[in-house]
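Here the structure comes first, spelled out in C-alpha cells, and everything after it is commentary.
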Amino acid sequence: MKNKIFAATLGVVIAFSGITSFHSSNALAQQSNQLPNVTMAIVDIQKIMRELSASVSIRAQIDKVRAKFQSELDAKEESLLQTDEELKRQRAILAPEAFEEKRKSFEEEVLGVQRDVQGQNARIEQAIGIATGRIREKVIPILAQIMEERGASVLVDKSQVLVSDKALEVTTTALDRLNKALPDVVVEVAKAE
C-alpha cells in the first residue's frame, strides 16, 4: 500500500511536471503545419519506486518508527485495559459521583491516546511526503537528462504502454543513476508536541 501511494505520488508529479513536454520541435511544428516527429522513451516508475535504494531506505525507516510507536501504544493500551478493569471493580464500592469522576477521567485518557495515534500517523505521513519530495527533486532532472541523451521528446510511464520495443525502455539507466545520485534519504518524523 505504501509503495502504491509512493509510486502514484511520483507518477502524478512526473506527469504534471512537464517532463513529457516537446523540446525544440514545438518551434518546427509552428513553422510548418506538420506534426513534429516524436521519439519516445518508456520508464517504469513503479519499479523505480520499489527498487530505488532511497525508497527502500525510507520504507525501512518508516517501519522502524511505526514499530517503536506501536510498542509504546501497546503499553498504553495495556495500561488503559488495567484502568478499565479497576474501574469496573470499583463501580460497586464507589459513590456514584466518585465513580463518574473516575469514568470521565478514564474517557479523557482514552481520547488522549486516540489523539496521539492520529497525530503520530499525520507526522509519519508528512515525513513520507518530505522524503518523497527529496526523491522527486532528483528523479525529474535525471529523467530529463536521459530523455535528452536519447533524443526523446516524450517520456511515458510503462503502465500506460500496451506494447513497445524494449529499446525504448530507460528504467534500468534511470534506476542506476538515481541510486548513485541519491543512495539514501533520511526520514525525519516530527516529535509530538
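What nm value, rounded to one decimal, do you get for the distance between Glu97 and Asp165 when each label is placed 7 Å out toward the C-beta?
Result: 8.9 nm between the two label points.
Using the 10 angstrom Cβ neighbour count as an exposure proxy, how do Asp165, Asp44 rank, fewest first?
On the way: Asp165 8, Asp44 20.
The most exposed by this proxy come first: Asp165, Asp44.
Less than 21 Å apart at the alpha-carbon level, and either on another chain or at least 8 residues along: which lysines does that give for Lys138?
Lys2, Lys4, Lys47, Lys158, Lys180
How far is it, in nm, from the label point at Ala75 to the one at Glu109 when both lie 7 Å from their Cα along the line to the Cβ?
1.5 nm
How about Lys88: which aspartates and glutamates have a C-alpha closer than 13 Å to its C-alpha, ignoring those fewer than 8 places off in the same chain?
Glu100
Cut-off is 10 Å between beta-carbons; in what order do Ile130, Ile42, Ile124 appear when sorted fewest neighbours first? Don't skip to the end; give the middle numbers.
Numbers: Ile130 14, Ile42 21, Ile124 17.
The order, fewest Cβ neighbours first, is Ile130, Ile124, Ile42.
Can you give me the distance in nm between label points at Lys88 and Thr39, each placed 7 Å from the Cα along the Cα-to-Cβ direction?
Going by the 7 Å Cα→Cβ label model, 7.3 nm.
Do any trypsin sites (Lys or Arg not before Pro) in segment 85-173 lie in a DSSP loop with no more than 16 other beta carbon atoms within 10 Å, and if so, which? Don't skip to the end; give the middle numbers.
On the way: sites: Lys88, Arg89, Arg91, Lys102, Arg103, Lys104, Arg115, Arg123, Arg134, Arg136, Lys138, Arg150, Lys158, Lys166; in loops: Arg91.
Listed in order of number, the matching sites are Arg91.
Under a 5 Å amide H to amide H cut-off, with H placed in plane at 1.01 Å, what residues pair with Ile42 once short-range neighbours are removed?
When sequence neighbours closer than 5 places are left aside, the close amide H contacts are Val156, Glu169, Val170.
Read the figures in this text as sums done on the coordinates, not as results from a lab. Bear in mind the structure is a predicted one, so any value in this text is a computation, not a measurement. Counting neighbours? That spans all protein chains shown, and the Cβs are built from the backbone with ideal geometry, glycine included.
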